[in-house]
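Participant: Pasting a structure here, questions to come.
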């Protein structure tokens with residue numbers, strides 16, 4: 001009985017046992033914080049990239065497909081270290097000129113004049129934009145925004161990036177991160193379709 005009582009009162013190794021019990025939870029929590037933080041940083045990079053892509057084109061009076069390719073490259077560098085160049089993990093980038101629709105005279109929508117796209121791993125919605133398609137300008141809540149002016153245009157940049165966690169312990173599936181940015185041309189009312197290549201115009 002004395003030995004049983006001593007065994008019951010013994011606390012040697014109690015901390016080690018408790019640590020072993022909560023260790024899986026701590027490891028999961030650690031990876032969860034790290035992976036979530038990396039995903040949020042990547043999401044911020046996508047937002048920065050789409051704004052930069054639209055802004056670079058909006059500063060031009062005329063463009064070529066070489067200019068568009070340079071914008072793709074410059075925007076892609078903003079995704080480092082998630083995207084380091086090449087075809088693996090490339091972000092999908094689409095740049096579209098939306099012009100004033102004289103038929104509807106709408107300030108909350110326009111029609112596609114031309115569009116250029118870098119194919120990548122991300123998925124955009126809609127998957128394809130064709131010349132003449134109607135584009136509605138909505139905020140993140142889906143409310144229509146009157147940003148078009150008569151005989152004017154809007155440069156719209158869309159980005160989709162397929163983010164995969166480097167550790168995949170908590171975030172196990174890829175996340176399709178998308179963003180859209182609108183800006184108006186600085187120097188001309190409407191930027192002509194890029195010359196020298198195969199943009200849809």
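Participant: Evaluate 2.2 N^0.38 Å with N set to the residue count of region 94-156, then give the Cα radius of gyration divided by it.
Facilitator: Normalised Rg, Cα atoms only: 1.13.
Participant: Then there is this: Going by C-beta contacts inside 10 Å, put 94, 187, 129, 43 in order with the fewest on the left.
Facilitator: Least to most surrounded, the residues fall as 187, 43, 129, 94.
Participant: Against the longest alpha carbon principal axis of the chain, how many degrees, from 0 to 90 and to the nearest 10, is the axis of helix 65-77 turned?
Facilitator: With both axes taken from Cα atoms, the answer is about 20 degrees.
Participant: Among 66, 105, 164, which comes first, then next, by fewest other beta-carbon atoms within 10 Å?
Facilitator: Exposure proxy ranking, most exposed first: 105, 66, 164.
Participant: How many percent of the alpha carbon pairs in the chain exceed a separation of 31 Å?
Facilitator: More than 31 Å apart: 36 percent of the Cα pairs in the chain.
Participant: Right, next: Would you please give the FRET efficiency between residue 16 and residue 41, computed as 1/(1 + (r/R0)^6) with r the Cβ-Cβ distance and R0 = 30 Å, to the nearest 0.05?
Facilitator: Working from the Cβ atoms, E equals 0.25.
Participant: Moving to a separate point now. If you average the alpha carbon positions of region 148-185 and of region 10-80, how far apart do those two centres end up, in angstrom?
Facilitator: That distance is 14 Å.
Participant: In what order do 38, 49 fall by count of nearby beta-carbon atoms within 10 Å, going from fewest to most?
Facilitator: By the 10 Å Cβ count, ascending, the order reads 38, 49.
Participant: Another question, then. On each of the three principal axes of the Cα atoms of region 84-201, give max minus min coordinate, whole Å, ordered largest first.
Facilitator: Computed over region 84-201, the largest-to-smallest principal extents equal 53, 38, 23 Å.
Readers should treat all values here as calculations from the given coordinates under stated rules, not as data from a laboratory. Since we're looking at a predicted model, the values are computed, not measured. Don't worry about glycine lacking a Cβ; one is built from the backbone with ideal geometry, like all the others, and counts go over all protein chains shown.
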